[in-house]
Every structure is written in C-alpha cells, then in structure tokens.
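The block underneath contains the structure these notes are about, expressed in structure tokens.
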Amino acid sequence: MNKILFFAHLRDEAGEESISLDAEGKTVEELKQMVAEQYQMKRLDSVMTAINEEFAPGDEVIKAGDVIAFIPPVSGG
Amino acid sequence: MNFEIAKDAIDIQSVIDKVVQRDAGAITTFIGTVRELTKGKKTLYLVYEAYEPMAVKKLEQIGAEIKERWEGAEVAITHRVGKLDITDVAVVIAVSTPHRADAYEANRYAIERIKEIVPIWKKEHWEDGQEWIGNQLETVAYPTGKPEEADLNE
C-alpha cells in the first residue's frame with residue numbers, strides 16, 4: 001500500500017489530507033491521472049510529485065510502501 | 001538545527017546567532033514579512049502550510065548549495081507556518097561569509113530557491129474571499145513532474 005499526501009488547494013479539492021491506495025508498479029504520471037480522475041482534480045499538470053520526500057520525475061515507478069506527495073507550485077518566502 | 005519550520009513567532013537574533021563565525025566579515029539577514037496590499041488588493045492575513053519533513057530537507061539542500069558556491073559561508077533559515085497577520089515575519093535567512101558581497105549574493109540566492117523548491121504554500125485571506133497561491137501567475141508547469149534544471153537555476 002501507499003500513502004498519498006495532498007497539500008494546499010489539492011487538499012481542499014480532495015477533502016482529505018491523505019489517502020491510502022495500492023500504487024505499486026505504477027508510474028508517477030499514471031498515479032496522477034488515476035487520482036485526478038477519482039477526485040476530479042484540475043491543474044495536476046503543474047503539480048510536482050515527491051516520493052519519500054524527494055522530487056520524482058513522471059516516469060519513476062512507485063514501489064510498495066513509498067509515500068507519495070503531490071506538491072502544487074510552492075509559494076513560501 | 002540551522003534549518004527549521006516554526007509554528008510561533010521567529011526570534012530573529014537566534015537565527016543570526018547560528019551563523020556567527022570568526023572567519024566572517026559580514027552577516028546578511030533577510031526578513032520576509034506579510035504585506036498588506038498586493039496589486040491594490042487588501043490582505044487580511046495569511047496562512048502558511050508546509051510539508052514539514054521535506055521542507056526542512058529542501059532548506060538543508062539550499063544551505064548545502066550555498067556552501068558549495070560561496071566558500072566559507074554559513075547559513076541558517078527559519079520559515080514560519082500557521083496564521084500570520086500583516087507585518088508578521090514569515091521567513092528569516094541569515095548568511096555569513098568572509099566578505100560582504102558574497103553574503104548579499106548568497107542570501108538572495110536562498111530566498112529565490114525557497115520560492116522554487118521548498119514545499120511551503122500560502123493561503124491569502126482577503127475581505128472578499130481566500131485562495132491558495134501557487135507560483136505568482138500559475139505560469140510554471142512541470143511536464144516532467146519536477147522542476148527542470150533551468151527552472152532551478154534562473
């Protein structure tokens with residue numbers, strides 16, 4: 001299983017801080033599409049993804065137990 | 001702990017104290033504060049949210065990048081999260097270096113990098129509504145899923 005974390009506007013759209021689902025073997029891009037459809041999220045194109053707290057490219061394959069975070073464009077500072 | 005996410009008001013002097021070193025000839029301090037007016041629109045307050053463990057790692061990464069580029073630099077950064085009122089301090093960056101030019105440059109580099117790679121978001125609350133702010137114009141897309149090298153170096 002994998003934990004998926006949402007932040008900022010994605011958290012509002014999903015209505016949850018995190019979900020659990022089995023994403024093992026999927027690429028980051030495939031997971032994005034799946035989640036976007038399930039939660040009817042827009043603007044996932046501009047969203048970065050972190051696997052285990054490090055930025056990951058769209059073609060990276062997710063392993064069992066990986067923690068995935070969708071990172072909208074940041075606005076700190 | 002030179003790189004922190006704080007839930008309460010930041011003690012500016014304590015951030016500066018972390019970069020004091022005998023080889024330094026300069027310490028620059030950047031203090032980011034909450035502005036009331038943005039393009040004529042009045043902000044009532046902000047709420048900052050962070051993906052805290054990753055945010056700390058990315059602040060540490062920025063510190064490492066600075067030490068690589070500016071010899072002899074010491075860096076400390078604290079970013080606050082939660083509800084902040086107008087004029088509150090959101091971020092403090094202290095950089096010390098042997099010579100002043102490097103301290104200015106490296107400090108500027110740190111704040112620009114924070115705005116690129118550190119997972120912190122602000123929600124603006126106005127009189128007539130609220131919105132999470134992405135990058136300023138929502139113009140940056142990441143087709144590969146992460147910042148391009150060019151985005152990171154601009």
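Observations on the structure shown:
- FRET efficiency estimate (nearest 0.05) - Cβ-Cβ, B:L37 to A:Q40, R0 35 angstrom: 0.50
- log₁₀ of I(q)/I(0) at q = 0.09, 0.13, 0.15 Å⁻¹ - the protein assembly as shown, Debye sum with one point per alpha carbon: -0.40, -0.80, -1.02
- Note on B:Q61 and B:D85: with the Förster distance fixed at 41 Å, the Cβ-Cβ geometry gives a FRET efficiency of about 0.85.
- As a ratio to 2.2 N^0.38 Å, the alpha-carbon radius of gyration for the stretch B:3-148 is 1.09.
- Among the residues of B:56-68, the average count of other protein chain beta-carbon atoms within 10 Å of the residue beta-carbon is 1.
- Looking at the stretch B:5-55, the trypsin sites (Lys or Arg not before Pro) that sit in a DSSP loop and have at most 14 other Cβ atoms within 10 Å of their own Cβ are B:K7, B:R22, B:R35, B:K39.
- Residue of B:I133, B:I62, B:I31 that the Gaussian network model of chain B assigns the largest fluctuation, springs spanning Cα pairs under 10 Å: B:I133
- Computed on the Cα trace of chain A, the radius of gyration divided by the Kirkwood hydrodynamic radius gives Rg/Rh = 0.92.
- Shielding score for A:60-71, defined as the mean number of other chain Cβ atoms within 10 Å: 2
- Gain in span if fully extended, B:E68 to B:E52, counting 0.36 nm per residue against the direct Cα distance: 3.3 nm
- Separation of the B:H99 and B:Q21 label points, Cα + 7 Å toward Cβ, nm: 1.6
- In degrees, nearest ten, helix A:28-39 long axis to first principal axis of chain A (Cα): 60
- Solvent-free Debye scattering, log10 I(q)/I(0), computed from the Cα coordinates of the stretch B:69-138 at q = 0.12 Å⁻¹: -0.43
- Taking every residue in B:43-52 and counting other chain Cβ atoms within 10 Å of its Cβ, the average works out to 2.
- Euclidean distance of C-alpha centroids, the stretch B:63-89 and the stretch A:38-68, integer Å: 26
- Couplings 3J(HN,Hα) of the stretch B:91-99, computed from phi: 8, 10, 10, 10, 10, 10, 8, x, 10 Hz, in residue order, whole Hz [Karplus 6.51 cos²θ - 1.76 cosθ + 1.60, θ = phi - 60°; x for Gly and Pro].
- Heavy-atom accessible area for B:D128, with the other protein chains in place and a 1.4 Å probe, reaches approximately 120 Å².
- Amide H to amide H, with H built 1.01 Å from N, B:L44 comes under 5 Å of B:H125, B:W126, B:E127, counting only residues 5 or more places away or on other chains.
- With K and R counted +1 and D and E -1, the other residues having a Cβ less than 11 Å from that of A:V67 yield a net charge of -1.
- Between helix B:100-117 and chain B there is an angle of about 40 degrees, using the helix long axis and the longest principal axis of the Cα atoms.
The values are calculated or read from the model by the stated rules, or taken from the named source; none is laboratory data. Not measured: the values here are computed from a predicted model. Glycine gets a Cβ as well: all are built from the backbone with ideal geometry, and neighbour counts include every protein chain shown. Calculation scope for accessible area: heavy atoms of the full protein, side chains included, ligands and nucleic acids excluded. Shrake-Rupley method; radii C 1.70, N 1.55, O 1.52, S 1.80 Å.
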